[in-house]
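The values are calculated or read from the model by the stated rules, or taken from the named source; none is laboratory data. These numbers come from a predicted model, not from an experiment. Neighbour counts are summed over all protein chains in view; Cβ atoms, including those assigned to glycine, are modelled from backbone coordinates with ideal geometry. To get the accessible areas, we keep the full protein, side chains included, count just its heavy atoms, and leave off ligands, DNA and RNA. Shrake-Rupley method; radii C 1.70, N 1.55, O 1.52, S 1.80 Å.
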Amino acid sequence: VVVALAIGVAVPAGAAGPGRIPGAAALKACVAAGPYWLTETLAISGTTAWLACKEQARVVRIDLARRRVSKSVPIGAPPLAVVLGYGSLWALDTSGDLSRISTATGRIVRTIHTGASNPYNLWVGAGSVWTVSDGSGEVLRISPTSNRVVARIEVGDGPADMVFDGTSA
């Protein structure tokens, strides 16, 4: 996967060619990345980005200012989604496990077994981390305080997005 990063770099007129984004720098971060589900595979905060490298069963931290991979974190299975929140990076893998990763050290501090079947997507809001168990038609609420699934909400087939307002989802 090549990540194009628009970080305020001046690009001369005409420098952007086919497949290039004007004002963006390209960085190779995941070799043999394979097919991606485009949602939720990149999380950015300030000058740091985290990218899910599915085929390599890892997430990488990218230093945007230096344009280099600064950390590689192997997780148990191919990651489907990453999101930042509550002082951590959260990485959901194909087995339904949710890895809580310290953004400071790049180490997994907790693995939460969600029990999700056909998991996908992650959201942060209303005081929780949320994911989907598409196989059971449920949205799962995970407490960042207890690091446990605290609710399984039946919603039917195909939940695809969530919106938050304060403590409500």
For this session: Please go through the range 121-141 and pick out each residue that is surrounded by fewer than 19 Cβ atoms within 10 Å (Cβ to Cβ) and closer than 14 Å to Gly96 by Cβ.
Result: Asp134, Gly135, Ser136
For this session: Would you point out the residue of the range 142-159, among those that are open to solvent by 10 Å² or more (accessible area, probe 1.4 Å) and part of a strand (DSSP E or B), that is farthest from Ser88 (Cα to Cα)?
Result: Glu154
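Can you tell which of Gly106, Gly76 is in a loop (DSSP other than H, G, I, E, B) and under 17 Å from Glu55 (Cα atoms)?
Gly76
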Exercise. Which of the residues spanning the range 109-141 are at pLDDT 95 or above, part of a loop (DSSP other than H, G, I, E, B) and among the hydroxyl-bearing types (Ser, Thr, Tyr)?
Worked result: Thr114
